[in-house]
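**Student:** Got a structure for you, written out below as structure tokens; questions coming shortly.
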Amino acid sequence: MSVAIVGGCGHVGLPLGIAFADRGLETLLVDIDQSAVDLVNSATLPFLEPGADEKLAKVAGTTLRATTDASELSECEYVVVVIGTPVDEHFNPDPQAIPQAIEAVAEHLRDGQLLVLRSTCYPGVTALVERLLARLGLEIDVAFCPERIAEGKAMTELYTLPQLISARETPAMERAVCLFSTLTETTIELTPEEAELAKLFTNTWRYLRFAIANQLYMIANDHEVDFEKIRSAMGEDYPRAADLPGAGLAAGRAARPRGARRRVGPRQVLIPPRPYTARHPPSGAHLPEPAVSVATEINDILVDALAPVRLDILDESHRHNVPDGAESHFKLVIVSGEFEGQGLVARHRRINRLLADQLAGPAHARGLHTHTPGEWEARGESVPASPPCRGGSAAESARG
Ligand SMILES: NC(=O)c1ccc[n+]([C@@H]2O[C@H](COP(=O)([O-])OP(=O)(O)OC[C@H]3O[C@@H](n4cnc5c(N)ncnc54)[C@H](O)[C@@H]3O)[C@@H](O)[C@H]2O)c1
């Protein structure tokens, strides 16, 4: 069995390719990113994905190869497409992006192949691709089999999550089931339209849960009480409330500048000035991008310098008398082994040095909580709520 993955050096394509190759499939990764292709061919992951490096070392150069040359697609029985889903300036996904990428390589596709769409896509994209192939006179079966892993868990979830499989015709369905049965025991069959919506509804439900948690966090903050303490009390031996997630930008995507390679860092918590609400429903896999430019810089600097095991960057500007989106007041919770043996003053000086540029502007870290992992555990993994703003809170200002 031979499989090509277009977008094969990305966060989804590469773990999938490694998993197929590890199960003995001849696997070809096709990607436009030459540097990622070179890294993969030298058995180096371009990003962190726990458990993938050992497997890559085993399969690179044997059952797995990466290339930028799309002409090799014609040699593969299966072609999986898992490129990213571009969004426009309003975060609307571009339904033409995947058909256009396929059209660009169509001269290298051949009759009899199975084309598996795996990107999170706008509803109807599978039908657009089917029409495109018919227009090009290609007799190629199409399946839509969305990826549902979370980054950092790919090398376990690829083997344990049920795989949604969809296709219009039985032969295509059977071939897609055959491909993914090399990885996972359970496959669930749907129509393409059902599968497209199942993937989007899954993301929507996840993001709504984060949005609600952020909203409740802000309400707790406005009452100057600790959201985490309330959440833990709510869930203790009370299963109906135990699934309330912690506050924060837990999906991780929006903090990454488009096109930049993502780091798998510690759990990052970015509380945007206004949390995600139903006013901004997520589209595709993409969260609306909040005004996190300073928070993003702070995140990247601290992750690089301190490799924290926990990093909360809480934008509390909304509690102060500043314009919307000001990014003026931050509370930082940093838990890092780098603080071992250092006193509080030395830790704070180090943070202030690291963030000198960010804190020189309108932004300032009002609350700085620095702990070693041991100290963090000993204090029950919580920090005190921030005190009220001395310069007048936003609520006071609104009262006039
Ligand atoms: N990252 C996740 O956790 C995750 C989980 C589930 C689903 N998804 C979905 O999977 C898709 C891919 O996401 P990702 O995180 O892997 O993105 P990514 O940006 O990490 O990877 C995409 C890869 O495609 C390559 N690429 C782009 N255009 C190409 C083209 N025309 N030909 C060949 N290669 C091309 C890029 O160079 C990149 O290596 C998206 O639709 C995303 O929503 C992602």
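The values are calculated or read from the model by the stated rules, or taken from the named source; none is laboratory data. If you're wondering where the values come from, they're calculated on a predicted model, not measured in any experiment. In this analysis, Cβ positions are derived from the backbone assuming ideal geometry, glycine residues included, and neighbour counts consider all displayed protein chains.
**Student:** Would you call PRO245 surrounded by 13 or more Cβ atoms within 10 Å (Cβ to Cβ) and either in contact with a Leu (Cβ under 9 Å, 6 or more places away or on another chain) or at pLDDT below 85 (or both)?
**Tutor:** So PRO245 fails the test.
**Student:** Could you check the range 163-173 and list, in sequence order, the residues that are surrounded by 15 or more Cβ atoms within 10 Å (Cβ to Cβ) and not basic (Lys, Arg)?
**Tutor:** GLN163, LEU164, ILE165, SER166, ALA167, ALA172, MET173, listed by residue number.
**Student:** Might you check whether a residue that is crowded, with 24+ Cβ neighbours inside 10 Å and within 20 Å of TYR159 (Cβ to Cβ) occurs anywhere in the range 24-33?
**Tutor:** Scanning the range 24-33 turns up at least one residue that is crowded, with 24+ Cβ neighbours inside 10 Å and within 20 Å of TYR159 (Cβ to Cβ).
**Student:** Tally up the residues in the range 340-363 that are farther than 17 Å from ASP304 by Cα and touching an Asp or Glu at 6+ places or on another chain (Cβ under 6 Å), please.
**Tutor:** The total comes to 1.
**Student:** Sticking with this structure for a sec: Could you please find all residues in the range 340-379 being surrounded by 14 or more Cβ atoms within 10 Å (Cβ to Cβ) and among the hydrophobic types (A, V, I, L, M, F, W, C)?
**Tutor:** Matches in the range 340-379: ILE351, LEU354, LEU355, LEU359, ALA363, ALA365, LEU368, TRP376.
**Student:** Which pairs have Cβ atoms under 6 Å, sit 6 or more apart or on different chains, and link a residue in the range 20-33 that is outside any strand (DSSP E or B) to one that is charged (D, E, K, R)?
**Tutor:** Here the result reads ASP22/LYS55, each pair linking the range 20-33 to a residue that is charged (D, E, K, R).
**Student:** Kindly indicate whether any position in the range 203-226 is within 16 Å of the ligand (Cβ to nearest atom) and under 30 Å from ALA106 (Cβ atoms).
**Tutor:** Scanning the range 203-226 turns up at least one residue that is within 16 Å of the ligand (Cβ to nearest atom) and under 30 Å from ALA106 (Cβ atoms).
**Student:** Run LYS331 past the list (1) closer than 23 Å to LEU216 by Cβ; (2) part of a helix (DSSP H, G or I); (3) at pLDDT 80 or above and report the number of the one that doesn't hold.
**Tutor:** For LYS331, the failing item is (2).
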